Each structure stands twice: as C-alpha cells, then as structure tokens.
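Contents: one structure, followed by commentary.
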Amino acid sequence: MCNFIIHVVIFTLTLQLARATCPNIVSRHDWNASSPTSVENITSIPVPFVVIHHTYQPGFCRTHRACAAAMRNMQNYHQNTRNWPDIGYHFVIGGTGEIYEGRGWDVVGTHAPNYNSRSVGIAFIGDFREEVPTDEMLKAAKDIIKCGVERGSIASGYKLVGHSQVKNTLCPGASLLEEIKTWPHWDPLKQP
Ligand SMILES: [Zn+2]
C-alpha cells in the first residue's frame, strides 16, 4: 500500500515536471483578440530560426491591462493598416513578464520577410535601443523558446537572430541585440 502511494506521488510529480516546461501564456481570448482573417500553417516543422523583435511602439507597458491594450492596438494596426491576416508576431512579451499569444505555434507569421514560414517571431513590448527588457521579460523569452523546442515546434539546433540581422531595420534595438548575443543559440548570421 505504502509502495503504491509512493508510485502515485512519483507519477504525479513526473507529470507536473513534464507540464512545467511550458510557461503560462495569456491567450488570445484573454487579451480580447480579433479573429485572424486567414491562417496559414507552417509546412515544415520544427522551424530552424527564432527572430527577436522590439515593438518600439507601443512603448513599455507595466500592467496586464496596459499590455493587453498594446496587443489590441498592434493587432488593429497590423490587420487594418498593414492588411496582414493577424498580429505579425507569434508571441509577445509585456513588461509584467507575461507572454501574450500572438499567432501561436506552427502558423506562418508576418514579422520578417523570407523567414515567416521558417521561424518563430518573438517581440518585446517597448523601445530597446538604449534599455534592455527586465529580467522577468528576458526569462519569459527564454522559457517560451525552451517550450517551443520541447513541444517540437522549434528545432533543437535553432539559430537565434535579431530582426536587424535579416532585414535593414533598427529592430530589436541595439541594447536588446547585444543582450541576445550572449544567449546560447545566437547566430552571427547577417543578411541584408
Ligand atoms: Zn522587428
């Protein structure tokens, strides 16, 4: 009987560990997203690239309420001004350290030409040319990448790049680019 209980405890702990690898994500429902006008699935999974962005505008947000509003503003701009099917990024990180669901896993994004069908695009809300995101935000990005690898959406040997490495842009900001250069999978790729 005692043995049985120990086995149940170990089994339960193992299950929790297996689940614990993916962080909490603020769902589209929770930030009151509009529906995408179309959805295109990525045909080759796992994807070999992770592309990091900053939003520049909207600026840094300090509360769930402000970050959720920033998500709706971005989605509105991307859908109605840029005519994209949905918010461009796969995941977006707010100043609270919360991860907001953009397009989500295994869907083609609109965030980096030539890389949209072979990368996950992660954006930090704010302007990171001179400042770096908070420790909570950086940890959130690392956690969502780890989750992507473990669920089979991101290749285990993925290359991490800043947007400016694949397009002529200031995104993700000089300070944030310097930060991600210290991360394990950062790749010095440079394509104009
Ligand atoms: Zn960008």
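Run Lys190 past the list (1) within 16 Å of the ligand (Cβ to nearest atom); (2) part of a loop (DSSP other than H, G, I, E, B); (3) surrounded by 13 or more Cβ atoms within 10 Å (Cβ to Cβ) and report the number of the one that doesn't hold.
Failing condition for Lys190: (3).
Can you tell me how many residues within segment 102-119 are open to solvent by less than 10 Å² (accessible area, probe 1.4 Å) and assigned to a strand (DSSP E or B)?
Residues in segment 102-119 being open to solvent by less than 10 Å² (accessible area, probe 1.4 Å) and assigned to a strand (DSSP E or B): 1 in total.
Would you please list the contacts, defined by Cβ atoms under 6 Å and residues six or more apart or on different chains, that run from a residue in segment 148-177 that is at positive phi to a residue that is open to solvent by less than 30 Å² (accessible area, probe 1.4 Å)?
Gly173/His54; Gly173/Phe128
Restricting segment 165-180 to residues that are in a loop (DSSP other than H, G, I, E, B) and of a type in the set (S, T, N, Q), which is nearest to the ligand (Cβ to nearest atom)?
Residue satisfying both the conditions and the ranking: Thr169.
So Ala140 passes all but one of these: (1) within 16 Å of the ligand (Cβ to nearest atom); (2) in a helix (DSSP H, G or I); (3) surrounded by 23 or more Cβ atoms within 10 Å (Cβ to Cβ). Which condition number does it fail?
(1)
Restricting to segment 42-84, and then to whatever is surrounded by fewer than 15 Cβ atoms within 10 Å (Cβ to Cβ) and free of Cβ contacts under 8 Å to residues at least 24 places away in the same chain, can you tell me which residue is farthest from Val108 (Cα to Cα)?
Once the filter is applied, the top-ranked residue is Arg65.
Of Ile122, Ile99, Ile87, Ile145, which residue is touching a residue at least 24 places away in the same chain (Cβ under 8 Å), closer than 14 Å to Pro23 by Cβ, within 14 Å of the ligand (Cβ to nearest atom) and open to solvent by less than 20 Å² (accessible area, probe 1.4 Å)?
Ile122
Quick check on Asp30: is it charged (D, E, K, R) and over 26 Å from Lys190 (Cβ atoms)?
yes
The values are calculated or read from the model by the stated rules, or taken from the named source; none is laboratory data. Only a predicted model underlies this, so the values are computations on that prediction, with no experimental measurement involved. Note: ideal-geometry Cβ built from the backbone for every residue, glycine included; neighbour counts use all protein chains shown. The protein model used for the area step is the full one, side chains on, heavy atoms only, and it has no ligands, DNA or RNA in it. Shrake-Rupley method; radii C 1.70, N 1.55, O 1.52, S 1.80 Å.
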